[in-house]
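S.K.: This is the structure I want to talk about, given as structure tokens.
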Amino acid sequence: MTIEIPDELAATLASPGQDPARAALEALGLEAYRQRRLSEFQLRTLLGLASRWELDAFLKQHQVEKYTAEDFEHDWAAVLKRRGEQATEPHA
């Protein structure tokens with residue numbers, strides 16, 4: 001894939017000293033991860049990170065939480081559902 005960005009804009013899109021192509025790749029990967037279109041493994045592969053610890057550091061650096069409020073709400077709903085199922089189960 002090739003993305004053409006005018007030179008005067010490319011320099012503003014990357015942090016000082018960062019390769020604009022790498023900045024674009026990271027931004028694309030981060031957004032796909034945030035939207036849950038990429039798994040952690042896929043993001044690691046895309047960015048060429050050797051370990052999940054490197055990925056954790058990368059996500060922290062970019063202020064991306066791995067466990068979101070949405071994750072909590074989903075988990076809490078599952079707990080409440082299970083509690084309701086247990087309450088209606090006959091006791092032995």
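What follows is calculated from the coordinates using simple rules that are stated; it is not laboratory data. Bear in mind the structure is a predicted one, so any value in this text is a computation, not a measurement. Because the Cβ atoms are built from the backbone with ideal geometry, glycine has one as well, and the counts that use them run over all protein chains shown.
S.K.: Can you spot a residue in the range 6-14 that is among the polar types (S, T, N, Q), on the phi < 0 side of the Ramachandran plot, surrounded by fewer than 13 Cβ atoms within 10 Å (Cβ to Cβ) and in a loop (DSSP other than H, G, I, E, B)?
M.R.: No.
S.K.: Being charged (D, E, K, R) and touching a residue at least 12 places away in the same chain (Cβ under 8 Å) is the filter; apply it to the range 34-63 and report the residue that is nearest to Ala23 (Cα to Cα).
M.R.: Arg34
S.K.: I need the full set of residues from the range 28-37 which are farther than 21 Å from Ile3 by Cα and surrounded by 11 or more Cβ atoms within 10 Å (Cβ to Cβ), in order please.
M.R.: Matches in the range 28-37: Arg34 only.
S.K.: One residue is enough: does the range 64-86 have a residue meeting the conditions closer than 22 Å to Ala23 by Cβ and polar (S, T, N, Q)?
M.R.: Scanning the range 64-86, I find no residue that is closer than 22 Å to Ala23 by Cβ and polar (S, T, N, Q), so the answer is no.
S.K.: Tell me, yes or no, whether the range 15-24 has at least one residue that is surrounded by fewer than 12 Cβ atoms within 10 Å (Cβ to Cβ), out of contact with any helix residue (DSSP H, G or I) (no Cβ under 8 Å at 6 or more places or on another chain) and of a type in the set (Ser, Thr, Tyr).
M.R.: no
S.K.: If you go through the range 38-80 one residue at a time, how many are surrounded by 10 or more Cβ atoms within 10 Å (Cβ to Cβ), of a type outside the set (Ser, Thr, Tyr) and assigned to a loop (DSSP other than H, G, I, E, B)?
M.R.: Qualifying residue count for the region: 6.
S.K.: A follow-up question, please. Go through the range 15-36 and give me each residue that's part of a helix (DSSP H, G or I), within 19 Å of Glu65 (Cβ to Cβ) and not hydrophobic (A, V, I, L, M, F, W, C).
M.R.: Glu26, Gly29, Glu31, Tyr33, Arg34, listed by residue number.
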